[in-house]
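Asker: Here it is, the structure, as structure tokens.
Read-outs throughout are calculated quantities, based only on the coordinates presented, and are distinct from any laboratory measurement. None of the values given here were measured: they were computed from a predicted structure. Please note: Cβ atoms are built from the backbone with ideal geometry, for glycine as well, and neighbour counts cover all protein chains shown.
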Amino acid sequence: IDTCRPHLEDAGIRISLEMEAPALPLLGDRDALGQIILNLLSNAEKYGGGEVLIRVRREEGASNGLACVDVLDRGSGIPVNQRGAIFEPFHRLHDSLASGISGSGLGLTLARRMAQAHGGAVTYSSREGGGSCFTLRLPVTGNQNETSPK
């Protein structure tokens with residue numbers, strides 16, 4: 001997030017970070033997990049209406065809980081009839097030639113697949129008050145001293 005902040009702010013995006021959870025130990029590939037968040041931030045930049053909130057929190061449910069990163073924006077959201085397809089390869093809500101928004105339509109597909117490879121998920125929900133919320137959920141490890149494999 002710190003790496004992306006200068007670019008987003010230069011593009012006129014207001015970015016906020018809420019840390020609602022203490023350290024959340026994860027076992028995974030740091031670069032892949034960073035790429036997931038980068039893909040979600042890139043979408044928020046393109047479609048988010050100039051305001052992005054990143055919220056890091058813990059969600060109970062799995063044996064040790066889930067580490068969650070929500071990327072929330074105030075864009076137009078995703079129409080109900082399109083929500084099932086947004087994670088499909090090459091699916092784009094906007095015509096790239098007409099809208100001038102660059103991209104291949106692979107970002108969400110790759111983000112979801114990388115999350116699944118880590119035993120997690122990337123999901124979409126509407127944001128209360130308008131906009132989108134993409135959530136990365138990953139299982140928290142039981143031992144806080146575990147380190148990521150290289």
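Asker: Where in region 47-68 is the amide nitrogen less than 11 Å from a point lying 7 Å along the Cα-to-Cβ axis of LEU27?
Answerer: Flagged as within label range: none.
Asker: List every residue whose amide H lies under 5 Å from the amide H of THR141, counting only residues 5 or more places away in sequence or on a different chain, with H placed 1.01 Å from N in the peptide plane.
Answerer: Here LEU26, LEU27 satisfy the definition.
Asker: Quick one: which of 116-124, 22-30, 37-45 comes out on top by average Cβ neighbours within 10 Å, and what's the full order, highest first?
Answerer: 37-45, 116-124, 22-30
Asker: Run the quick spin-label model on ILE1 and VAL80: label points 7 Å from Cα toward the beta carbon, then report their separation in nm to one decimal.
Answerer: 3.2 nm
Asker: For region 1-88, state the average projected area of the convex hull of the C-alpha atoms over all orientations, rounded to one decimal in nm².
Answerer: 6.9 nm²
Asker: Work through the residues other than GLU9 whose Cβ is under 13 Å from its Cβ and net out their charges, Lys, Arg +1 and Asp, Glu -1.
Answerer: Its environment carries a net charge of -2.
Asker: Rounded to the nearest 0.05, what FRET efficiency do GLN35 and SER125 give with R0 = 25 Å and r taken as the Cβ-Cβ distance? Could you check?
Answerer: Step by step, r from the Cβ atoms, then E = 0.70.
Asker: If each residue of separation counts as 0.36 nm, what is the full-extension length gain between GLU88 and ARG14 once their alpha-carbon separation is subtracted?
Answerer: So the extension gain works out to 23.8 nm.
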